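*Asks:* Questions regarding the structure given below will be posed in turn.
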Amino acid sequence: MSAPAGVLLVEDDADIREVLMTLFSIRGIPAREARDGVEALERLREGPPPALILLDLMMPRLDGEGLIGALRGVPGLATVPIVVMSGHGDGRARAAELGAAGYLAKPVEVADVLALVARYAAG
Amino acid sequence: MDGLQQLLIVFAGLLLFNAILSGVLWARHRTPLHRALFGVWGMGIVSMIAQGAVQSDRWMGFVFGLCNVGMNLLLVELVGGALRLRRRPRLHLTAFAVGLVGSAAATMAGAPFWLRTLPITLGSTVPLADLVVQAVRLPRGRLSTTGWASVFATSVMAIHMLDYPFLRDDPGFAPLGFVIAILAVFAVSVTAPAIVLEHASLEVERLNAALEARVAEATAAVRARDEFVAIAAHEIRGPLNALHLAVQTLRLGADELPHARLFDVVERSDRRLARFVDQLLDLGRARSGALHLELEPVDLAEVVRTVARQLDAELARSGSALTIACDPAVVGTWDRFRLGQVVDNLLSNAIKFGLGRPIEVAATTQGADARLLVIDRGPGIPRELGERIFDPFERGVATRNHGGLGLGLHIVREIVTALGGTIRVDSADGAGARFEVTLPTASPAAEAAR
């Protein structure tokens, strides 16, 4: 099993995805994107596991919670830290419930994203 | 005192008791039914007194007849009102007047008892009979048991009226006449208050049901408003988040910054927000009927091509392949901007929900109408939703997982209707959706004149 690398971004809003991927790119962080849970699982099957998963909790076609459940069942992926992003007020509580490593409240701040990435997916 | 007089006293006592009681109730509950009830007994008492005096003065028979008519008219008002039957005052008063004239004439002419009393009792029976006939013709289940009991009481009263001229004075049949009279009075005594009570209970039930309906409406409206606010906030946050991130990333001032791409995001966010505001305003306008149309000759095919070009970027990102099949020109008298909105909304939906599968748009002329088709192969619309998908805020998907206020299709329908056309959707769960808009090519004003 190859070493975990980079970030997997799971977010349905195309513009948010574009900016975050641009951000990762200019900071030299390898990143992959998925627009929903189904695509996320596809990406995870195609390559080394990511070092960090950034997951939007409100998405169609397999929501964030469903994805986390699916992930926990996959060997090698169960230990990948997941940080959830949510616009709802209860995000922090739900993050704790889901066993997420962290929580980002929307609107997400670039500084917070970079700090998280530095912590989990540096180099 | 002979048995007849004893019976009369019992009668009188019963009527008096009923009259006093109903008088008290009327004073307490000032409703028309209570008043009618009191009237029935009041008149009944007067008629009893007149009845007693008939022997000494033949005009008393006339007074007695009058009171009976009055009593029966009030009984009809009571029962008819409680059972919500049709009132026919003209018929009743005509019968009464004819009876009155007939009896008066007979009394003046010194006719025998039965001839003096028959016209007015007939006049009195007509309203009773009308009520019974109406009741009997009602659909099954329309009247309650109490209702039927009061109709029965009314029938007995009618029989009593009819037999009176003949049985009253005939010693052989007088007892039968009295038995019928007693039966009639008892029946009315029991059923009249019962239907007043039932009527009052039903009124309360009706009011409660109306109140509950209002409360449910209000609760639903509040819930809808709350959901609307939540969704609106979500719709605004999307572009705002992207904008926020883009601006912050630009400020990083990194050398290899792809400025163009980030500025594109800024611009798109701007457009998304503006579009959302427009949707909100349109919703307000559509609701207040202020959808103002600027009519001019418009080519639908051209509009379709223009909108497809505008949505090119979104199409590319979704991965859907778009097929356009239009007649060379599909011209009609429409509002160019609003028509563009219709095409834009339908096509945007197809892109949003099309799952990246092929989308077809077709604009053709069909006789005096133009037809626009937008077909996608996405998950389709659940059958339970049906036509409700055109209602405001109806989004066809679970609330939490999809953006959008669900205004697009509502606005589309409002515009199509304002242009004199129709829209329908064919969809099966899982098999995509096919939207068909039919618009008359003539102007709506000309259509209305047709």
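*Asks:* Kindly provide log₁₀ I(q)/I(0) values, in the same order as q = 0.18, 0.21, 0.24 Å⁻¹, from the Debye equation applied to equal alpha-carbon scatterers of the stretch B:127-193.
*Replies:* -0.68, -0.83, -0.97
*Asks:* Could you put A:Y120, B:Y164, A:Y103 in order, starting from the residue whose Cβ has the fewest other Cβ atoms within 10 Å?
*Replies:* With the fewest neighbours first, A:Y120, B:Y164, A:Y103 line up as A:Y103, A:Y120, B:Y164.
*Asks:* Can you give the direction-averaged projected area of the convex hull of the alpha-carbon atoms in the stretch B:321-379, in nm²?
*Replies:* The Cα convex hull of the stretch B:321-379, projected and averaged over all directions, gives 4.3 nm².
*Asks:* Percent of Cα-Cα pairs per 5 Å bin, from 0 to the last occupied bin, for the stretch B:60-189, please list those.
*Replies:* 2, 11, 21, 22, 18, 13, 7, 3, 1, 0
*Asks:* Amide H to amide H under 5 Å from B:G378: which residues, 5+ apart in sequence or cross-chain, H placed 1.01 Å off N in plane?
*Replies:* B:G432, B:A433
*Asks:* Round to the nearest 10 and give me the degree value, 0 to 90, for the angle of helix B:32-53's Cα axis relative to the longest principal axis of chain B.
*Replies:* For helix B:32-53, the angle is close to 10 degrees.
*Asks:* To check you understand DSSP bridge types, tell me what percent of the beta bridges within the protein assembly as shown (both residues inside) are antiparallel, rounded to 5.
*Replies:* 55
*Asks:* When you have a sec, figure out the Kirkwood radius of chain A from all distinct Cα pair distances and drop it here in Å to one decimal?
*Replies:* Averaging 1/r across every pair of different Cα atoms and inverting gives 14.2 Å.
*Asks:* Kindly write out, for the stretch B:414-430 in residue order, the coupling ³J(HN,Hα) from the Karplus curve 6.51 cos²θ - 1.76 cosθ + 1.60 (θ = phi - 60°), rounded to whole Hz, with x marking Gly and Pro.
*Replies:* Each residue of the stretch B:414-430 in turn: 4, 5, 4, 5, 5, 7, x, x, 9, 9, 9, 10, 10, 7, 10, 3, x Hz.
*Asks:* For every helix of n ≥ 4 consecutive DSSP H residues, a contribution of -39,500 (n - 2.57) applies; sum these over chain A, divide by its total residues, and give [θ] at 222 nm rounded to the nearest 500 deg cm²/dmol.
*Replies:* -12500 deg cm²/dmol
*Asks:* Over all directions, the average projected area of the alpha-carbon convex hull for the stretch B:94-151 comes to how many nm²?
*Replies:* For the stretch B:94-151, averaging the hull's shadow over all directions gives 4.6 nm².
*Asks:* May I pose another question? Hey, what do the phi angles of the stretch B:188-196 turn into as Karplus ³J(HN,Hα) couplings, whole Hz, using 6.51/-1.76/1.60 and θ = phi - 60°, x for Gly and Pro?
*Replies:* Running phi through 6.51 cos²θ - 1.76 cosθ + 1.60 with θ = phi - 60° gives 5, 4, 6, 7, 4, x, 4, 6, 5 Hz.
*Asks:* Find, to one decimal place in angstroms, the Kirkwood hydrodynamic radius of the protein assembly as shown, where the mean of 1/r is taken over every pair of different Cα atoms and then inverted.
*Replies:* So the Kirkwood estimate lands at 31.2 Å.
*Asks:* Quick one: net charge of A:V74's neighbours, Cβ under 15 Å, K/R +1, D/E -1?
*Replies:* Net of charged neighbours comes to +1.
*Asks:* In degrees between 0 and 90, to the nearest 10, how far off the longest principal axis of chain B does helix B:336-353 point, with axes built from Cα atoms?
*Replies:* Relative to chain B, helix B:336-353 is tipped by roughly 80 degrees.
*Asks:* Quick one: the Cα spread of chain B along its three principal axes, in angstroms, biggest first?
*Replies:* Principal-axis extents of chain B (Cα, largest first): 126, 51, 36 Å.
*Asks:* Which loop-located trypsin sites (Lys or Arg not before Pro) does the stretch B:76-111 contain, where loop means any DSSP state but H, G, I, E or B and the Cβ has at most 16 other Cβ atoms within 10 Å?
*Replies:* B:R84, B:R86, B:R87
Since every read-out is calculated from the coordinates, none of them should be taken as a lab result. This is a predicted model, so every value here is computed, not measured. All Cβ positions, even for glycine, are placed from backbone atoms using ideal geometry, and neighbour counts span all protein chains on display.
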